[in-house]
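Step one of this worksheet: look at the structure below.
Every number here is computed from the coordinates shown, using simple stated rules; none is lab data. Quick caveat: nothing in here was measured; it's all calculated off a predicted structure. Note that each Cβ is placed from the backbone with ideal geometry, even for glycine, and that neighbours are counted across all protein chains shown.
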Amino acid sequence: MIIRNIANSNVLSIARSGIIHQHLGESCTAIIQRNAYSSGTTKKHGKTPPPKPLSSRFQKGNSLTLEHFLLHEKCMKLWRDFLRASRNIPNPIARRETVDWLRDEHFEGAYGLRNETDVTRIRELLVAGNVALKRVCGPMELVAALNPKHGSFLKLRGKRG
């Protein structure tokens, strides 16, 4: 613990001179040198080079802007609203077909929200999705109102596993 309190330059010079190596052994010398190098001093340059920036998971020029991020959140909200609206369908097979249709129509199809990068087109698709949600939500609530156990249907489970 006392060795750590010594300034890094002094520790490095002591470690190089071999005094610590004689008394404490080779492993302690390696630890001291590693701590000295990580704190900013090296033999050649005096300072460690700046760390490399983390590589983006997006390709060059395809990074998302703040506006894209906010629109993505609205898309996720629309998807959750679709799932909440489909809760009232009593038949699990019909519910699965409805969710698959909504996913293909509004999110993953050829003109879906998932593949779109143009901001104005994403806004148009969001408006169309909200209109479709209001159009589909009414009949789903009517079907659920016929059942005395309103909203107490089986949970929708994924297709995996």
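Using a Förster radius of 25 Å, what is the FRET efficiency between Lys74 and Lys52 based on their Cβ-Cβ separation? Nearest 0.05, please.
On the way: r = 34 Å, r/R0 = 1.38.
Computed FRET efficiency for Lys74 and Lys52 comes out at 0.15.
What distance in nm separates the simple spin-label points at Arg96 and Cys137, each placed 7 Å from Cα in the Cβ direction?
2.7 nm
Among the aspartates and glutamates, select those whose C-alpha is under 14 Å from the C-alpha of Lys134, and discard any that sit fewer than 8 residues away in the same chain.
Asp81
Ranked by Cβ crowding within 10 angstrom, fewest neighbours first, how are Phe69, Phe82, Phe107 ordered? Show your work: numbers first, answer last.
Values: Phe69 9, Phe82 21, Phe107 18.
Exposure proxy ranking, most exposed first: Phe69, Phe107, Phe82.
In nm, to one decimal, how far is the modelled label at Arg114 from the one at Ser63, with both set 7 Å along Cα→Cβ?
The modelled label-to-label distance comes out at 2.6 nm.
Could you check the simple spin-label distance between Arg87 and Arg121, using points 7 Å along Cα→Cβ, in nm with one decimal?
3.4 nm
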